[in-house]
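Below is one structure, written out as structure tokens; comments come after it.
The values are calculated or read from the model by the stated rules, or taken from the named source; none is laboratory data. Fair warning: this is a prediction, and the values are worked out from it, not measured in the lab. Heads up, the Cβs are rebuilt from the backbone with ideal geometry, glycines too, and the neighbour counts pull from every protein chain shown.
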Amino acid sequence: MQWPSSVTGERGGSWGIDLMDQYEVAILGCGPAGLTAAIFTARANLKTIVIGLPDRSQAKLAMHIENYFGFPEGVDGPVLLEKGMAHAQKFGAVILKDEAVAATLVREGEKHAFVVKTAKGSAVHAMALIIATGIPIRSSGIANEDKLVGRGLHYCVSCDGPLYTNKPIAIIGNGDHAAEDAVEALSYTKDITIIANAPAFAFSETYQQEVQKWGIKTLAGKVAAFQGEKWFEAVQMTDGSSLPFKGVFMACGAAGALDFAANLGLQLKDNILVVDENNMTSMEGVFAAGNCAGRCREVAKNVGDGCNAAVNVIKFLRSRELYLDYAKGGHALAVVPPEGPAPLPAKKVRVGWFSFSCCEDSTIVFTEILNDYWDRWKDSIEIPYARALRSQNDMTNLDIAFVEGAIASERAAREVKEIRKNARILIAVGACAVTGMPSAQRNQFDEPKQREILPILRAFDYSKKVQPVHEVVPVDDQVPGCPMTEAGFLAVLRKHLAEAGIHAQF
């Protein structure tokens, strides 16, 4: 495998990570799905690492499993996990008993890698990810939590942090997940208080140093309730004190699949990662297996998911038309390479920017990028359509169409279909366009809350009225994020300009 140059390098380089931290496959989660995937990828001679805490696997809590194939007398969950770890290690998989707290995509042209950060300060690079973190129980039990979700109370800093630019916020949690969220929130505000909801904090040394370095305030103690009628107003502590904030973010427990979905802009449906028949998510190179990718939560189903995800990771990384069981030379499975969009013509590239039902944050980022790069692009790029820039627009014969926002009406559906007809390449931009869900609906509702809001969603026919772009027209690529990041946009633009033989300066 050849790494993007922005990822490789000696210690102290752009990432400060030794080459020993680079893997072909990183599996997030140390339960039956993740360990099964590791057995397959490691056995196929892919350098594999499993990052997770087996003690937090739901299988660890199953003291006697009686419906798993091959164990007619039943098997204890902890025993099954121990055997699974030993099995994966037998083929060379590395098991890192640590919590993965964030994952980031790094692109350079057509090459890409993922960087996974852990609670203990490690950074692992991989060419493909398998998310197998399960569905952690996240309810805090704090009074009025359910009432104020989406009304000043949130679960995703990357999704909703921009709402609180330069405003005081609180983050609830006493572990590294809370510290990671606080550091991420620094992009929007410096007035941050982490409230433990516990007698003391349990930060690792690495995150304790980060909290101190950035001057993030901390407060130990239990939270009694969230105050506010129609909107969150304050945190009420058990000692009777009331602490006003503009917003509050929940970061209780370990990071789960929904956190990684927010990091990477992955498509969700009913708080479950959407995967195709290959167990690949909406982002190329990211797969999901187990409880986080399906409603059936039996061990047998999760093991099957892990197998399917792993086999398709092998195909993805080998880039071969046939997948063989490389360890034993087993049977070949035919793979039909996906057809990509038609190559761009070798001429000045016509780019269009379209915005549908969204807060238009990505449009703002787009105009800021133009301020920085237009002098370097103007000889190779023209923008005949962008309502934010032009009074007279022309969307005929576009080479690239960037589409921001979900499709929420028949008129919008007709318009995006017209855009598709007039563009060689269509790229969905921002979390709404990629997932079809506004930020407030991406929060991690528990099952009682989901049951409560289901009649409302049905009454307004939400799922049919609001769609991600790919459900209406074919999408060739995507720039996830809420809003998109400059780096993500530039990487995708660079990739498609290179297809036209254009190497614009970035």
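Return only the number of the condition from (1) modelled with pLDDT of 85 or more; (2) surrounded by fewer than 22 Cβ atoms within 10 Å (Cβ to Cβ) that P136 does not satisfy.
For P136, the exception is condition (1).
Could you please give the count of residues in the range 204-236 that are of a type in the set (A, V, I, L, M, F, W, C) and either touching a helix residue (DSSP H, G or I) at 6+ places or on another chain (Cβ under 6 Å) or free of Cβ contacts under 8 Å to residues at least 24 places away in the same chain (or both)?
5
Could you count how many residues in the range 38-77 are in a strand (DSSP E or B) and modelled with pLDDT of 90 or more?
So the answer is 4.
Taking the stated definitions as given, is P474 surrounded by fewer than 14 Cβ atoms within 10 Å (Cβ to Cβ), under 29 Å from I400 (Cα atoms), of a type outside the set (A, V, I, L, M, F, W, C) and at pLDDT 80 or above?
Answer is yes for this residue.
Name the single residue, out of those in the range 151-163 being out of contact with any Asp or Glu (no Cβ under 9 Å at 6 or more places or on another chain) and surrounded by 18 or more Cβ atoms within 10 Å (Cβ to Cβ), that is farthest from T118 (Cα to Cα). Spell out the reasoning first.
Quick first cut of the range 151-163, residues out of contact with any Asp or Glu (no Cβ under 9 Å at 6 or more places or on another chain) only: 151, 159-160, 163.
Keeping just the survivors that are surrounded by 18 or more Cβ atoms within 10 Å (Cβ to Cβ) gives 159-160.
Numbers: C159: 21, D160: 23 Å.
Among those residues, the one meeting the criterion is D160.
Going by what's in this entry, would T189 be described as crowded, with 17+ Cβ neighbours inside 10 Å and either assigned by TED's automatic domain parsing to the domain that holds V101 or in a loop (DSSP other than H, G, I, E, B) (or both)?
So T189 passes the test.
For the range 205-217, state whether one or more residues are in a loop (DSSP other than H, G, I, E, B), crowded, with 18+ Cβ neighbours inside 10 Å and in contact with a strand residue (DSSP E or B) (Cβ under 8 Å, 6 or more places away or on another chain).
Checking the range 205-217: at least one residue is in a loop (DSSP other than H, G, I, E, B), crowded, with 18+ Cβ neighbours inside 10 Å and in contact with a strand residue (DSSP E or B) (Cβ under 8 Å, 6 or more places away or on another chain).
Can you pull out every residue in the range 463-497 that is charged (D, E, K, R) and outside any helix (DSSP H, G or I)?
Once the filter is applied, which keeps residues that are charged (D, E, K, R) and outside any helix (DSSP H, G or I), the range 463-497 yields D476, D477.
Only one residue in F91, F69, F40 is loosely packed, with under 14 Cβ neighbours inside 10 Å and more than 22 Å from the chain's Cα centre (by Cα). Which one?
F69
Determine, yes or no, whether A126 is in a strand (DSSP E or B), in contact with a Lys or Arg (Cβ under 6 Å, 6 or more places away or on another chain) and either over 21 Å from L317 (Cβ atoms) or at pLDDT 85 or above (or both).
No.
Test A198 against the criterion of being free of Cβ contacts under 8 Å to residues at least 12 places away in the same chain and hydrophobic (A, V, I, L, M, F, W, C), and give yes or no.
When the stated conditions are applied, A198 does not pass them.
Looking at (1) closer than 30 Å to W374 by Cβ; (2) among the basic types (K, R); (3) modelled with pLDDT under 75, which is the one condition that is false for R458?
The failed condition is (1).
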